[in-house]
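**Q** Sharing a structure below in structure tokens format, with a few things to ask.
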Amino acid sequence: MKQLVQTFAAIFIVAFGLLYVTHYMNASEGLSGGNTLTVYNWGDYIDPELITKFEQESGLKVIYQTFDSNEAMMTKIEQGGTTFDIAVPSEYAVDKMRKENLLLPLDPSKLPNLTNINPEFLNLSFDPGNRYSVPYFWGTVGIVYNPELVSNLTFKSWNDLWDPSLKNKILFVDGAREIMGMALNSMNQSVNDTNEDHLQAALAKLHTLTPNVKAIVGDEIKMLLANEEAAVGIVWSGDASEIIDANDKLTYVLPEEGTNLWSDNMVIPKTAKNIEGAHQFINFMLDPENAAQNAEYVGYSTPNDKALKLLPEDISQDKRFYPDLGSMKLEVYDNLGKRMLAHYNELFLEFKMHKK
Ligand code: N2P
């Protein structure tokens, strides 16, 4: 009997101990929700001062994690085991996530600053009525280049990238849709093409660009181009703006065949623990002063009209980063469905593996 009591006591102590440790770990990793807010955003995509300001205003502790592609972010949220309160998917990923029930509906009464957003960025087909998402930044995919390091090329066409003089001079952003889309655009096809012959032709054409591609990189693309370690980059517009800020010899162009127009959007994933805090964060980022500060810091284009008015004119009037949307052949990525999106990733991976 005594032994039984001792065994029970031991089990009790171990179980209680485990419970305590789990609780403590959850709290310190921000998994408990209460006083923390877990934000999952693209790398280099917020002014850190704004995180501190939000913490001071809200009394919440922000746990900030980053991703480098929609696909990586969605996989992590789909797999579960995370408690992200905020994520920032691009439009086609918002559509996919809402259809897969990965998002919580927003409460517009908690987002009074939503009225600051330019209506052109609201109520779009990937999220009618903005039930699940609020625009954060927008931009294009284009070519940033250093005229001193390329001979007489102006990149009016995507096909200029294939010029033999560019051997080992081009950096690619590490994005399946961006690079497959570029190859498709170079053949006057849509960035949303799903025709297998066209996709295989795009991959074959990409393979022929291999000698000119120095590397496929993440956020370090900005540093490499600004330091003139490569002459040309296929980049998101905001990265180009930061590169040009650091080295004004470079410029940014959108080739005439057209390109992608994207937007990234704040959402509350189904895994959220602090829904109230998530709304507070979204509303905070929609505040004109905060949004302007953020846009100036990260270099991306803001969809916030009131913020735009607060930005210096050399930013807000720069047509490279605030192009007239009607004047260019710009295409938004469609949600091509789970299988086709996976196929784009496979094709891009095949290109990457061939390259190495
Ligand atoms: C910022 C990444 C921007 C993502 N580093 C474009 N969708």
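**Q** Considering Glu100, Glu120, which residue is touching an Asp or Glu at 6+ places or on another chain (Cβ under 8 Å), more than 19 Å from Ile216 (Cα to Cα) and surrounded by fewer than 18 Cβ atoms within 10 Å (Cβ to Cβ)?
**A** The unique qualifying residue is Glu100.
Matching residues to (1) under 24 Å from Asn70 (Cα atoms); (2) touching a Ser or Thr at 6+ places or on another chain (Cβ under 8 Å); (3) touching a residue at least 12 places away in the same chain (Cβ under 8 Å):
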| position | (1), (2), (3) |
| --- | --- |
| Glu178 | yes, no, yes |
| Glu196 | yes, no, no |
| Leu199 | yes, no, yes |
| Lys205 | no, yes, yes |
| Asp219 | yes, no, yes |
| Leu225 | yes, no, yes |
| Ala230 | no, no, yes |
| Val235 | yes, no, yes |
| Leu250 | no, no, yes |
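**Q** State which residue pairs qualify: first residue within 16 Å of the ligand (Cβ to nearest atom) and open to solvent by 70 Å² or more (accessible area, probe 1.4 Å) and inside the stretch 44-62, second residue part of a helix (DSSP H, G or I) and modelled with pLDDT of 95 or more in any location, beta carbons under 7 Å apart, and separation of 6 or more residues or different chains.
**A** Asp44/Val298
**Q** May I ask you to verify whether Asp219 is of a type in the set (D, E, K, R), within 16 Å of the ligand (Cβ to nearest atom) and over 17 Å from the mean Cα position of the chain (by Cα)? Outline the logic, then answer.
**A** On the way: of a type in the set (D, E, K, R): yes; within 16 Å of the ligand (Cβ to nearest atom): yes; over 17 Å from the mean Cα position of the chain (by Cα): no.
In short, no.
**Q** Further, regarding this structure: Does the stretch 173-181 contain any residue that is open to solvent by 20 Å² or more (accessible area, probe 1.4 Å) and either over 26 Å from the mean Cα position of the chain (by Cα) or modelled with pLDDT under 95 (or both)?
**A** No, because not a single residue in the stretch 173-181 is open to solvent by 20 Å² or more (accessible area, probe 1.4 Å) and either over 26 Å from the mean Cα position of the chain (by Cα) or modelled with pLDDT under 95 (or both).
**Q** Tell me, yes or no, whether the stretch 224-234 has at least one residue that is open to solvent by 30 Å² or more (accessible area, probe 1.4 Å) and either on the phi > 0 side of the Ramachandran plot or within 16 Å of the ligand (Cβ to nearest atom) (or both).
**A** Yes, the stretch 224-234 contains a residue that is open to solvent by 30 Å² or more (accessible area, probe 1.4 Å) and either on the phi > 0 side of the Ramachandran plot or within 16 Å of the ligand (Cβ to nearest atom) (or both).
**Q** Something else now. Could you tell me which residue of the stretch 192-216 is farthest from the chain's Cα centre (by Cα), considering only residues that are among the acidic types (Asp, Glu) and open to solvent by 50 Å² or more (accessible area, probe 1.4 Å)?
**A** Asp197
**Q** Of all residues being crowded, with 21+ Cβ neighbours inside 10 Å and within 15 Å of the ligand (Cβ to nearest atom) in the stretch 286-300, which is nearest to Ile51 (Cα to Cα)? Just the residue, please.
**A** Asn294
**Q** I need a count of the residues in the stretch 332-348 that are open to solvent by 50 Å² or more (accessible area, probe 1.4 Å) and free of Cβ contacts under 8 Å to residues at least 12 places away in the same chain.
**A** Counting residues in the stretch 332-348 that are open to solvent by 50 Å² or more (accessible area, probe 1.4 Å) and free of Cβ contacts under 8 Å to residues at least 12 places away in the same chain gives 2.
**Q** Which condition does Ser263 not pass, out of (1) within 13 Å of the ligand (Cβ to nearest atom); (2) touching a Lys or Arg at 6+ places or on another chain (Cβ under 7 Å), if it passes all the others?
**A** (2)
**Q** Which condition number does Tyr344 fail, the rest of (1) assigned to a loop (DSSP other than H, G, I, E, B); (2) closer than 22 Å to Glu91 by Cα being met?
**A** Unmet condition: (1).
**Q** Something else: Out of all the residues in the stretch 144-154, is one or more in a strand (DSSP E or B), of a type outside the set (Lys, Arg), within 16 Å of the ligand (Cβ to nearest atom) and under 30 Å from Ala246 (Cα atoms)?
**A** The first filter runs over the stretch 144-154 and keeps only residues in a strand (DSSP E or B), leaving 144-145.
Imposing the further condition that a residue be of a type outside the set (Lys, Arg) reduces the set to 144-145.
Filter again for within 16 Å of the ligand (Cβ to nearest atom), leaving 144.
Now drop any that are not under 30 Å from Ala246 (Cα atoms), which leaves 144.
Taking every residue of the stretch 144-154 in turn, at least one turns out to be in a strand (DSSP E or B), of a type outside the set (Lys, Arg), within 16 Å of the ligand (Cβ to nearest atom) and under 30 Å from Ala246 (Cα atoms).
**Q** Moving on. When the residues of the stretch 65-96 are narrowed to those that are within 15 Å of the ligand (Cβ to nearest atom) and among the hydrophobic types (A, V, I, L, M, F, W, C), which ends up farthest from Gln280 (Cα to Cα)?
**A** Ala72
**Q** Looking at Pro128, Pro105 in this structure, which one is more than 16 Å from the ligand (Cβ to nearest atom) and either without any contact (Cβ under 8 Å) to a residue 12 or more places away in the chain or of a type in the set (S, T, N, Q) (or both)?
**A** Answer to the check: Pro128.
**Q** Across the stretch 123-146, what is the total count of residues that are open to solvent by 10 Å² or more (accessible area, probe 1.4 Å) and either of a type in the set (Gly, Ala, Ser) or modelled with pLDDT under 95 (or both)?
**A** Total meeting the criteria: 2.
**Q** I'd like to know if the stretch 307-327 contains one or more residues that are surrounded by fewer than 21 Cβ atoms within 10 Å (Cβ to Cβ), closer than 22 Å to Lys53 by Cβ, in contact (Cβ under 8 Å) with a residue 40 or more places away in the chain and of a type in the set (Lys, Arg).
**A** No, that holds for no residue.
The values are calculated or read from the model by the stated rules, or taken from the named source; none is laboratory data. All figures in this text were calculated on a predicted structure; none of them were measured in a lab. For neighbour counting, all protein chains shown are included, and Cβ atoms are generated from backbone atoms with ideal geometry for every residue, glycine included. The protein model used for the area step is the full one, side chains on, heavy atoms only, and it has no ligands, DNA or RNA in it. Shrake-Rupley method; radii C 1.70, N 1.55, O 1.52, S 1.80 Å.
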